[in-house]
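Notes follow the structure.
Laboratory data are not the source of any read-out in this text; all were calculated from the coordinates shown. Here the structure is a predicted model, which means the values were calculated and not measured. We place every Cβ from the backbone using ideal geometry, glycine too, and count neighbours over all the protein chains shown.
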Amino acid sequence: MGMLTGSGGLLITHEDIDRAHDRQRVLAARGKRGFSASARLLWLLIGPGVLVMLGENDGPSMLSYAATGATFGISFFLPFIVLTFVMAIVVQEMTVRLGAATHRGHAELIFERFGPFWGWFSVIDLGIGNFLTLITEFIAIRAGLGYFGVPPWVAVFTALAVLYLALLTHRYWTWERVTLAAAAFNLIFIPVAILARPHWGTVGHALATWSPLPGGLSKDSFLILLSNIGATVTPWMLFFQQSATVDKGLTKHDIRFGRLDTVLGAALASVAAVATVIAASPLFGHHMNAQNFQAAEFAQALEPLIGRVGASLFALGIVEAGIVAAITISTSSAYAFGEVTRKPHSLNLPLTQGRSFYAVLLLCAAGAAAIVLIPGLPLVHVVLVVNVVAVLAMPPALIFLFMLANDKEIMGELVSPRWANMLTGAIVILLITAGLLFGISVLAPNTFAFVLRFLGR
Amino acid sequence: MSTTEIPGGTPGFESQELLAVLEPGQLTGAKRAQLPRRYLKGPELVVLWSLRLYLFFMIVVVIYQLFAGVD
């Protein structure tokens, strides 16, 4: 279908028609009462929140959680990880409100409200971060499938094929359901955790109490702390969820379900993250330093402890995490590109109308995939720093989100309440503090030992 | 991009009824109109530039960590 001219002189596109079909189903479900109608409404409206949260449980994140369990055990980090997901809910909820209130993507709003100077800064941050992260997703996919003896080029092309297949329908709704189905496999880490035979009383105790960080403050512990924060709150999530909320067609009336979607996604993702820490914790009992482990090495190291099935599930989980994140992250890049260049940007677009959107999406993924296939590149460094870079880039991104969510001119009554602003402020301060402490730990590694000695501990 | 003009300048009745479920701001055509620019004030610019400098500095730290052999 081409574009039609509406009665108000506005152009009506294929994208509008598809979105209207989706909204028609939502309105039909909303017109009914009872549990089944509410369940159907939830089914129709969930998507961006679950996808963003499970998408952020990506290759480097799951490896970071596994390194956490293997290096530090579960005592400090289980409640810490749950806390990071609470932070993610606070942050992502703002993108739901922004998308539903303005019907515009995050990059678009920054450009239009604050001008291209700050807009380009944000989009360049996003583009660099996304590309580095995409590389790590393909590293994870390659390493995960490598555990089963799959050659790297087959692994990488398989992932690209899945990404391409998800786009073939040229329909947001179908893309979302296909990606949600793939993302559900993130929960594969739960059976792996069970196979690790943890002492559930200890797990419960770790979650209920917050034990001190084993080994105290050090450069390694800060790196892991930052990696775990970067595994849950990153700039691409802001851009993706707001754009997906707009593409899905959510309105002010759907914000309650958008919040539910976000909380549900965070709950599922935190369970998978906690399960991954537990799954790798037997390595902690065997005093293995696993901070530089890749996916296949984790699976191989875990095999004697949790069995071949458990190790295989772990490797498959890393592959799934990489594929889903590659889909969502490359989509967030394509949305942002379309928004700032004012070219059509929607998963509802047919190929002929969304050439630039689909080209950016596929080129980002293909470029990252190609880099992974170059022999001899020190890719392990990229995996180690990608979550750290995400945390460092988060405060500037959060300030724009904060300003937009408090912009009465575009948000009207949906501006952030005071409690949300206080929480956001606390998150920004926490992220900056964590970043600065990490910087101190790198530039002056003995500082923490000196301070602790000075304090007499 | 191809444009199909509907006789009389309006989409068919069926399409109009369908499109009525969208809020006006959701239509692609409506999004072509830019939102008014909001000029940043002094304190906002100070915060934004401070965070920009923080990010540049921290990226240098990360690069230093990677390439200066700080393990």
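Data overview
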| read-out | value |
| --- | --- |
| Kyte-Doolittle mean at least 0.0 and Cα axial length at least 27 Å: DSSP H helices in chain A | A:77-102, A:116-146, A:255-285, A:295-341, A:379-405, A:418-443 |
| Compactness of segment A:79-220 - radius of gyration and Dmax, Cα, Å | 20.4, 55 |
| Among A:Pro304, A:Leu392, A:Ala269 the positive-end extreme of the charge dipole of chain A (Cβ point charges) | A:Ala269 |
| Computed helical MRE - 222 nm, chain A, DSSP H runs ≥ 4 contributing -39500 (n - 2.57), nearest 500 | -25500 deg cm²/dmol |
| Distant-in-sequence amide H partners of A:Leu11 (H built 1.01 Å from N, under 5 Å) | A:Gly6, B:Gly29 |
| Measure of compaction for segment A:354-426 (Cα Rg per 2.2 N^0.38 Å) | 1.69 |
| Simple Cβ-charge dipole of segment A:164-291, Lys/Arg +1 and Asp/Glu -1, about Cα centre, in debye nearest 20 | 160 debye |
| Semi-axis lengths, Å, the protein assembly as shown, gyration tensor of Cα atoms, sqrt of 5 times eigenvalues | 39, 26, 22 |
| Solvent-free Debye scattering, log10 I(q)/I(0), computed from the Cα coordinates of segment A:309-457 at q = 0.11, 0.12, 0.18, 0.21 Å⁻¹ | -0.76, -0.88, -1.22, -1.25 |
| Relative contact order for segment A:66-212, counting Cα pairs under 8 Å that sit 6 or more residues apart, in percent | 34 percent |
| Average Cα contact separation per residue, chain A, under 8 Å, 6 or more apart, as relative contact order % | 32 percent |
| Options A:Pro235, A:Ile440, A:Ala405, ranked by Cα towards positive dipole end of the protein assembly as shown, top entry (Cβ charges) | A:Ala405 |
| Computed magnitude of the charge dipole of segment A:1-128 (debye, nearest 20; Cβ of K, R +1, Cβ of D, E -1) | 680 debye |
| Residues B:Tyr64, A:Tyr147, B:Tyr39, sorted so that the one with the fewest Cβ neighbours within 10 Å comes first | B:Tyr39, B:Tyr64, A:Tyr147 |
| Unit charges at the beta carbon, dipole of chain A: most positive-side option, A:Ile128, A:Val360, A:Val192 | A:Val192 |
| Ratio of the Cα radius of gyration of segment A:1-135 to 2.2 N^0.38 Å, where N counts its residues | 1.43 |
| Computed magnitude of the charge dipole of chain A (debye, nearest 20; Cβ of K, R +1, Cβ of D, E -1) | 740 debye |
| Per residue, the convex hull volume that the Cα atoms of segment A:127-205 enclose (Å³) | 151 Å³ |
| Average partner coverage of A:298-309, which counts Cβ from other chains inside 10 Å | 0 |
| Normalised contact order of segment A:302-457, rounded percent, pairs of Cα under 8 Å and 6 or more residues apart | 12 percent |
| Span per principal axis, largest first, for the Cα atoms of segment A:172-271 (Å) | 48, 31, 22 |
